[in-house]
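What follows is a short report on a single structure.
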Amino acid sequence: MRSPLKALIRALGLVYGAADFRRTPEGDYVVLEVNPAGEWRFVEERTGQPITRAVADLLVTNVATRYPDVRFISSHAGGTLVSIAQRIGA
């Protein structure tokens, strides 16, 4: 799914895209939409999971530097990081 999705994002002229998709009973993926500034805040509010805290911890504790072979992906960070910047001291 990664390569076709990257191709779609490029074809749409986007630098970043948060995709919403479904998997069919046959195992195929269908892209429902690509958001140029997706967010996770609504998921955090509905589930109580500390997503903001987890992403903030990754950013301020240099975890990515300590583990250069691990690729950290926060798929819905685009629009949210701006709105939470002061909560994480950025």
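Quick note: the coordinates plus some simple rules give every number you see, no bench work behind them. All figures in this text were calculated on a predicted structure; none of them were measured in a lab. Here the Cβ positions follow ideal geometry from the backbone for every residue, glycine too, while neighbour counts run over all protein chains shown.
For ALA18, enumerate residues with amide H under 5 Å from its amide H, sequence gap 5+ or separate chain, H modeled in the peptide plane.
Hits under the 5 Å cutoff: ASN35, ALA37, GLY38.
Can you tell me how much longer the chain between GLU45 and SER3 gets when fully stretched, taken as 0.36 nm per residue apart minus their C-alpha distance, in nm with one decimal?
12.0 nm
By per-residue mean of other Cβ atoms within 10 Å, what is the highest-first order of 21-28, 44-51?
44-51, 21-28
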